[in-house]
Amino acid sequence: MNVTLAQAANAIRTLGTSNTILLRGQPGIGKSAIFSQLKREMPDYHACYIDVANLDLGDLGMPVVDRERMVTEFAPSSRFGLARNQKKPVLLMLDELGKPSSKGILNMLLPVILERRLGDVQLPTGSIVFATTNLDTDGVGDMIPAHAYNRMTVVNVANPEADAWLNDWAMKNNVHPAVMAFVHEYPQVFNCYADYPDDKNPYNFNPLTGNTKTFASHRSMAHASHLVWSKDALGEAFLPLLAGTIGESAARDLDAMVNLADALPSRKAVAKDPTGTKLPEGTAARFLMAFSLAATADVDNLEAYMTYMGRVGEVSFEAYSLFVMSLASNDQKVGMACRSQAFTKACASLGKYF
């Protein structure tokens, strides 16, 4: 039984003051990114990120001598949001909880997890604590004992599907259109090996086949986008660097998509002559054009793009729909797009209303 990243974030917001939610999932699927999302959405909280794998005992706090009473007291580290004048409730993420450098680290964190207490100092009232770790079968060293698990609400996080990654993240974060088109064409790059034990596709992280060094994940595809944007500057090193980011199989297929992008009509040509510019040939080229135009649409070129993609829609309605829905899903562009009657009419025809 799995939850989505959105469901996980909602569970943390809803239950985080009483239950510590432990998110388990394979590397690179966006577990840690939930912290950034919640930090934006919850400005009334003092957000604290703790990389448990890099903690030493002294990083949690230190004894302080009270010379009048000749006793020591525990002074917690300010990284847990417990500075002297910090009154806000804390939003505390314990990342990589399964990889503490010693058992002592985990033992010190158990009261934080269960009682919202570090040493003998309570976190501010209303504080939220959640944690992340990898799947046991990932083979990356995560070891949490049963008594620690029992202090938490443990859920497995499903790998975000390709469409969710494209609409909820890629379109909003300047991911290269060729990378988006590649993910759309090869959605299996985001499959979880645990859900498809008989699937031997060469793209994925899969400890069962030994593919654990370079592989396609939501995180590594974002890194691949940086390489594609810099392809001209990288020269002949581009493909080896790409293979070192997402694996050789995915790199070669993505490189083919990038080469296809270079052969497409330019966006300037589309904006200048949307009725006369040559249409892309082939399904992959049409999808690539849809992502490319959606990513660069603005108030000056949108009407021309709508006209051009309308022509594309005559031979590939799916590519046309992909263009329209990509814009509709982009929080940064949809307001601008909605000022176009052609766009809102297209959305209505696809069942999307504003």
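Every read-out reported here was derived from the displayed coordinates using simple, explicitly stated rules and does not represent laboratory data. Everything quoted here is computed from the prediction, not taken from an experiment. Neighbour counts run over all protein chains shown; Cβ positions are idealised from the backbone, glycine included.
Taking only Cα atoms, what is the 0 to 90° angle, nearest 10, from helix 248-262's long axis to the longest principal axis of the chain? The two axes meet at around 40 degrees. Helical runs (DSSP H, four residues minimum) scored at -39500 (n - 2.57) apiece and divided by the length of the chain put the mean residue ellipticity at 222 nm at -12500 deg cm²/dmol. The GluC sites (Glu not before Pro) of the stretch 138-243 that DSSP puts in a loop, and whose beta carbon has at most 16 other beta carbons within 10 Å, are Glu161. Springs between Cα atoms under 10 Å define the GNM used for the chain, and in it the highest mean-square fluctuation of Asn204, Asn19, Asn150 occurs at Asn150. Under 17 Å between alpha carbons, and skipping anything fewer than 8 positions from Lys172 in its own chain: which lysines qualify? Filter leaves Lys333.
The aspartates and glutamates within cross-link reach of Lys88, meaning a Cα-to-Cα straight distance under 12 Å and a gap of 8 or more places when in the same chain, are Asp44.
If only the Cβ of Lys and Arg carry +1 and only the Cβ of Asp and Glu carry -1, the dipole of the stretch 162-349 around its Cα centre is close to 400 debye. Here's the list of lysines a cross-link from Lys278 could span, going by alpha-carbon distance under 23 Å and ignoring same-chain residues fewer than 8 apart: Lys268. Summing Lys and Arg as +1 and Asp and Glu as -1 over all other residues whose Cβ lies under 13 Å from the Cβ of Glu73 gives a net charge of -1.
Counting beta carbons within 10 Å around each of Leu114, Leu293, Leu97, Leu254 and listing the fewest first gives the order Leu114, Leu293, Leu97, Leu254. Between the stretch 172-194 and the stretch 1-74, the alpha-carbon centres lie 29 Å apart. Of the residues Gly247, Val299, Thr275, the one whose Cα sits farthest towards the positive end of the charge dipole of the stretch 202-313 is Gly247 (charges of +1 on Lys and Arg Cβ, -1 on Asp and Glu Cβ, taken about the Cα centre). The rule of thumb for compact globular proteins, 2.2 N^0.38 Å, goes into the C-alpha radius of gyration of the chain 1.19 times. Length available on full extension from Gln122 to Lys200: 0.36 nm per residue minus the Cα-Cα distance, which gives 23.2 nm.
Between Met42 and Phe317, full extension at 0.36 nm per residue minus the direct alpha carbon distance yields a gain of 95.0 nm.
In the stretch 91-168, a dipole from Cβ-located charges (positive for Lys and Arg, negative for Asp and Glu) runs towards its positive end, and of Gly119, Leu97, Val154 it is Gly119 whose Cα lies farthest in that direction. Selection among Val189, Trp169, Gly313 by position relative to the dipole of the chain gives Trp169 as farthest towards the positive end (Cβ unit charges, Cα centre). Measuring gaps between exposed loop sites in the chain (trypsin sites (Lys or Arg not before Pro); DSSP loop; at most 13 other Cβ atoms within 10 Å), the longest gap, sites not included, is 88-199.
Along the stretch 14-19 the Karplus relation, 6.51 cos²θ - 1.76 cosθ + 1.60 evaluated at θ = phi - 60°, assigns HN-Hα couplings of 7, 10, x, 6, 10, 10 Hz to successive residues, with x for each Gly and Pro.
Rounded to the nearest 20 debye, the dipole magnitude of the chain is 900 debye, with +1 charges on Lys and Arg beta carbons, -1 on Asp and Glu beta carbons, and the Cα centre as origin.
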